[in-house]
Every structure is written in structure tokens, then in C-alpha cells.
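The values are calculated or read from the model by the stated rules, or taken from the named source; none is laboratory data. What you see is a predicted model; the values in this text were computed from it and never measured. Note: ideal-geometry Cβ built from the backbone for every residue, glycine included; neighbour counts use all protein chains shown.
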Amino acid sequence: MFGTGIRMIVAPLAAWTALSAAAAGEVADTGLDFDQAMGQGRLFGELRPRYNRIDESDKPLLTEGGTLRLTAGFKSGAWHGTRFTVEAIHATHVGAKHFDDEFRPGNLYPLLPDPDHTGLNQVHAEYASPEGGLRLKLGRQIVHLNNQRWVSDNDFRQIPQLFDGALASVAGFASSELTAGYFYRIRDTSGALEHLRLTILNAAWNPLPAQALAAYAVFHDQPGSSNTGFADSSYRVVGVRLEGSLRPECPIDMPYLVEVAQQKPYAGGDARIDALYWRVGLGLAGRNWGLRLDQETKGSNDGLYGMQNPLTDFYAFNGWTLRFFTTPRFGLRDRWLTYRFELLPELTLYGEEHRFHSDYGDLDYGRERDMGLFWQALPNLMVRAQHGRYDPPAGGPGISIRKTWITASYVF
């Protein structure tokens, strides 16, 4: 399987190489032949150990143990405008393993979904036009759509989520950028490969300084992408978002965000997939502090279906404990306060306070408190201590969750 995966990635890259050579007359010549471009490349990588502790009230045992990510890669110099990247990844546990890293009925430990995995990570060719207006990328790659609510690499996990396919963007006219991508396979955060058909479209425009308006669409054909119980959970999303600052030139800024989207069935997806998404946020921010209040609603189709975001950055939304990894069929309303204080030039306190309700029926879904210290120990070494605490409504159903992580990330 590993060899087949290499061939499926390398074959398109070989075709890309031929196309790049054929287009040499249209691209500014860097004066480098292929061997010179390889010689001007650089090595890069990351070492990321993490301590994990998870306590869930419905599990008899406590999850505790260490995990590790090691990546190492090579990025070439430019050859006819194209750079080549090859990266490998090794993820494993460290020390005694007191946890389950995959879901099985009857698990005694709370789930820690960071299994052992060794293989290819990013493998792609990337072309940039001499003027910088056109960018193309082909191969296995990280994909971020806007704020990563709909498409992300979910990088908190030791194995990032990557996509095999092509991405193109054009910028440079009227302060706008157009992006389109098509991907035929996903490498998920367990290291497994699965076929899908994913198309993303995004049009971004900066009408004024510090203001960004974007319209986007996501077409995700992958029947088993969400734990909805449906035979086919494929969907499409069309949305628009406005984000910016109301006082960008003042000592105290006012960042804001307004976003709305509609989710519908796609490519045979279940007809019950019909939900509205919206988010509004407003904050105050100084040089070394910030406060912000947001409300996000993942709508419900009259209690039949709650909006799902299976490709999202799960740890960036709705709390760090992942209590709502799958949106309940009654939907989810999340109102939360975010705070950030720079205690020292290299030490930042960050936290979130969440209050959850259902969209349909206004049911109380409990609350969550997340807090973390982020220490930039060296320019290339970040240490993070994080704790997430979810509590169900008093006297109501649900489980309490406590999660603690200590992570060090050294990049080179």
C-alpha cells in the first residue's frame, strides 16, 4: 500500500516536471538547471513531543501517556518557477501506553486518537509565476480555507490531515484573489487513506485596508465523512464572510467577524442535510492583550440533522475537549469569550469560556473552560501547557471531561 501511495503521488509530479520544462520559454529563467535547483534546496522538520492526560466520567480508567511527532523534509530551489517538496513523518507513543488510540466498543480508556504511523507527509510541486500573481500546487498538501472552519489540516493532532490533488490561486487585480482546488484523496489524522471528491472555491477581496470579504463554496463527496448515521453524508456549503478591524489605526483595535453559510446535500447525500450556519464576533485588542465575544450557530433541520464540519480544525472551534466532535441533530449554539494577555514578551496566557445550547429547542448543553500558557522559549521552540474542562448541565445528562496537554514544538 505504501508503494502504491508513492506511485500515485509521484506520477502527477513527474507530469508536472514535464509541463514546467515545456513552459520554460514563458517563465523567467533563474539561471539554475535542475541539479543546481536541488543543490540550493533546504532541509526542514519538526520534533513535537506531548504529554496527554484525559479523564472522562463515563470511562473507568484515566488516559495518560506521551506521544511524539517527528517530520523531516526537503524543499528544492526554484527550477523554472517550480519548487519540489518531499517530507516524511513518524508518529509514535513515548513510554508506557495507558490509552486507546482508536475507537472500539467497550474502550476502558478515554480516546487519544494519535496512533503510531510512519510514511509520506507532504509531497508536492509548487509553481509561482515571476510576478507572483499565479500559484499552483500539485500533490499531497496542507489545505486551509479561510479560518479553517470548513477545510483544515487539524494540526493539533500528531498526524495532520492532508489532501492529494491540485490547488490554484490567482491574485494581483483589484485587491482580490481567486482560489480553486480539487482533491481526490485524504490522509486523515489516523494515517489512513480514503478516497473522496473535494472541490473548494474561494473569492477574496480587500475593499478597504484591514477589511476582507470572501465568498466560498465546498463540495464534499465522501459518504462516511460524518457520524450522522446516514448512508451518505456528502454535502455542499456556500457561504460569505466579512472580517476586519473597525479601528486599525488606533491603539485599541476592534476586530470583528460576520459569516453565514448554507449546507445542503451533494452527490447523493441524505436529503435531511439542510442547515444554516452563522457566526458573529466583536472584540477589543491592544498590543499585548485582547478580549472578544463570539456566537456561532450550527443549525438544525427541525431536529433531524445538525450541521457537520468533518474537515474542520476541531480544536479551534467549540472547545478543546471535543465534546461536540459530532454536532447533535438538534444543532449547536456556542457563545464564548476569548481572552489573551501577554504576561511577558515570550509568555502569553490564552483562554476561552464557552456556553452551549441546542439550536432546535434551546436545550442546555453545558459549558466549557479552556486555558493555556504559551511560551516562546527560543525563536524555533514553542512550549504550550493547556487544560480543557467541560461540564454538562447541572442535573442533566452528559459526561464531564478533563483534558491536559503539555507540548513542545521544535522546528528546524
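Has segment 300-313 got any residue that is acidic (Asp, Glu), closer than 26 Å to GLN161 by Cβ and either at pLDDT below 95 or out of contact with any Ser or Thr (no Cβ under 8 Å at 6 or more places or on another chain) (or both)? Scanning segment 300-313 turns up no residue that is acidic (Asp, Glu), closer than 26 Å to GLN161 by Cβ and either at pLDDT below 95 or out of contact with any Ser or Thr (no Cβ under 8 Å at 6 or more places or on another chain) (or both).
Can you tell me which residue among TYR360, TYR365, TYR339 is farther than 22 Å from LEU112 by Cβ, at pLDDT 95 or above and more than 25 Å from the chain's Cα centre (by Cα)? So the residue among TYR360, TYR365, TYR339 that is farther than 22 Å from LEU112 by Cβ, at pLDDT 95 or above and more than 25 Å from the chain's Cα centre (by Cα) is TYR360. Taking the condition in a strand (DSSP E or B) and of a type in the set (Ser, Thr, Tyr), does THR321 pass? So THR321 fails the test.
When segment 236-282 is filtered for residues that are under 20 Å from the mean Cα position of the chain (by Cα) and of a type in the set (Lys, Arg), the ones remaining, listed by number, are ARG236, ARG241, ARG279. Residues of segment 200-211 being in contact with an Asp or Glu (Cβ under 9 Å, 6 or more places away or on another chain) and either crowded, with 17+ Cβ neighbours inside 10 Å or closer than 18 Å to GLN308 by Cα (or both), which ones? Residues satisfying the conditions are ASN202, ALA204. Total residues in segment 108-130 satisfying the condition of being free of Cβ contacts under 8 Å to residues at least 60 places away in the same chain and exposed (fewer than 15 other Cβ atoms within 10 Å of the Cβ): the figure is 2. Closer than 28 Å to LEU43 by Cβ and surrounded by fewer than 19 Cβ atoms within 10 Å (Cβ to Cβ): does that describe SER152? It is false that SER152 is closer than 28 Å to LEU43 by Cβ and surrounded by fewer than 19 Cβ atoms within 10 Å (Cβ to Cβ). If you take the residues in segment 165-187 that are of a type in the set (Phe, Trp, Tyr) and at pLDDT 95 or above, which one is nearest to PRO223 (Cα to Cα)? Restricting to residues being of a type in the set (Phe, Trp, Tyr) and at pLDDT 95 or above, the top hit is TYR184. Of all the criteria given as (1) more than 29 Å from ASN301 (Cβ to Cβ); (2) buried (at least 17 other Cβ atoms within 10 Å of the Cβ); (3) over 22 Å from the mean Cα position of the chain (by Cα), the one not satisfied by PHE330 is (1).
Mind listing whichever residues of segment 352-366 are touching a Pro at 6+ places or on another chain (Cβ under 8 Å) and either surrounded by fewer than 18 Cβ atoms within 10 Å (Cβ to Cβ) or of a type in the set (Gly, Ala, Ser) (or both)? Within segment 352-366, SER358, ASP364, GLY366 qualify. Check segment 83-95 and report whether any residue there is in contact with a helix residue (DSSP H, G or I) (Cβ under 9 Å, 6 or more places away or on another chain) and on the phi > 0 side of the Ramachandran plot. The answer is no, given that none of the residues of segment 83-95 is in contact with a helix residue (DSSP H, G or I) (Cβ under 9 Å, 6 or more places away or on another chain) and on the phi > 0 side of the Ramachandran plot. Checking the stated criteria, ARG140 turns out to be charged (D, E, K, R), more than 16 Å from GLY45 (Cα to Cα) and surrounded by 21 or more Cβ atoms within 10 Å (Cβ to Cβ).
For segment 375-398, a tally of residues being farther than 24 Å from LEU347 by Cβ and surrounded by 15 or more Cβ atoms within 10 Å (Cβ to Cβ) returns 4.
Looking across segment 70-100 at every residue that is of a type in the set (D, E, K, R) and over 13 Å from ARG53 (Cα atoms), the one that is surrounded by the fewest Cβ atoms within 10 Å (Cβ to Cβ) is identified as LYS75.
In summary, ARG53 fulfils each of the numbered conditions (1) charged (D, E, K, R); (2) farther than 19 Å from ILE406 by Cβ; (3) surrounded by 15 or more Cβ atoms within 10 Å (Cβ to Cβ) with the single exception of condition (2). Inside segment 55-110, residues that are farther than 28 Å from TYR390 by Cα and assigned to a loop (DSSP other than H, G, I, E, B) make up a count of 5.
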